[in-house]
1. Which residue pairs have Cβ atoms closer than 8 Å, lie 6 or more positions apart in sequence or on different chains, and pair a first residue in the stretch 108-124 that is under 16 Å from L92 (Cα atoms) and without any contact (Cβ under 8 Å) to a residue 60 or more places away in the chain with a second residue that is hydrophobic (A, V, I, L, M, F, W, C) and assigned to a loop (DSSP other than H, G, I, E, B)?
2. I need the full set of residues from the stretch 66-80 which are in contact (Cβ under 8 Å) with a residue 12 or more places away in the chain and open to solvent by 60 Å² or more (accessible area, probe 1.4 Å), in order please.
3. Any idea how many residues of the stretch 9-48 are open to solvent by 40 Å² or more (accessible area, probe 1.4 Å), in contact with a Leu (Cβ under 9 Å, 6 or more places away or on another chain) and assigned to a loop (DSSP other than H, G, I, E, B)?
4. For the stretch 50-65, does any single residue satisfy the condition of being surrounded by fewer than 13 Cβ atoms within 10 Å (Cβ to Cβ) and either part of a strand (DSSP E or B) or modelled with pLDDT of 90 or more (or both)?
5. Hey, can you tell me all the residues within the stretch 2-54 that are out of contact with any strand residue (DSSP E or B) (no Cβ under 7 Å at 6 or more places or on another chain) and of a type in the set (F, W, Y)?
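The values are calculated or read from the model by the stated rules, or taken from the named source; none is laboratory data. This structure is a prediction, so every number in the text was calculated from the model and none was measured. Glycine gets a Cβ as well: all are built from the backbone with ideal geometry, and neighbour counts include every protein chain shown. Ligands, DNA and RNA are excluded from the accessible area calculation, which covers all protein heavy atoms including side chains. Shrake-Rupley method; radii C 1.70, N 1.55, O 1.52, S 1.80 Å.
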Amino acid sequence: RLQGHFQLGVFSSATIRTVTTAISMIEDAAGPGPRLFDVVLERRHCTAAPKSVRTKAWDTCKPLGRYFKCLSKIVLIDDDTYKSLPEERENLVLMPCWDETDTDDLLPVLFSALLEHIPCTGDVRQHTAKVNAAVAKAANEDQER
């Protein structure tokens, strides 16, 4: 649903081998068509998370500014706030971790919120709070069930 509206990328703290496997699974599930991800960044592109937020020695941050010239066009979707540098938090959309059930009810909410609130022009950072609110609301409703 997002293709044609956005360029999609992967920025994972996993190794390239794991990222490549995951991307293959996603593309296989999506079926024939154009390549899904325009950018792929993995563990080698991350930096160590600050000691104050680390729960494991290998926890990392994803420094967007190191790889993207214009942060006004970048949205990072992650399940941990600390993965975003403090000065790049306006680029973050916090997505709860998938609970490994057969379906992920929050993905359609995320996709709809991105399409509704993130503009094709202008600064995306002015709109990520709306996406975060929509996802958080749905996650809360999901937990109440």
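1. Qualifying pairs under 8 Å: L110/M95; V124/I74; V124/V75; V124/I118.
2. Once the filter is applied, which keeps residues that are in contact (Cβ under 8 Å) with a residue 12 or more places away in the chain and open to solvent by 60 Å² or more (accessible area, probe 1.4 Å), the stretch 66-80 yields R66, Y67, K73, I77, D79.
3. Number satisfying all stated conditions: 1.
4. no
5. F6
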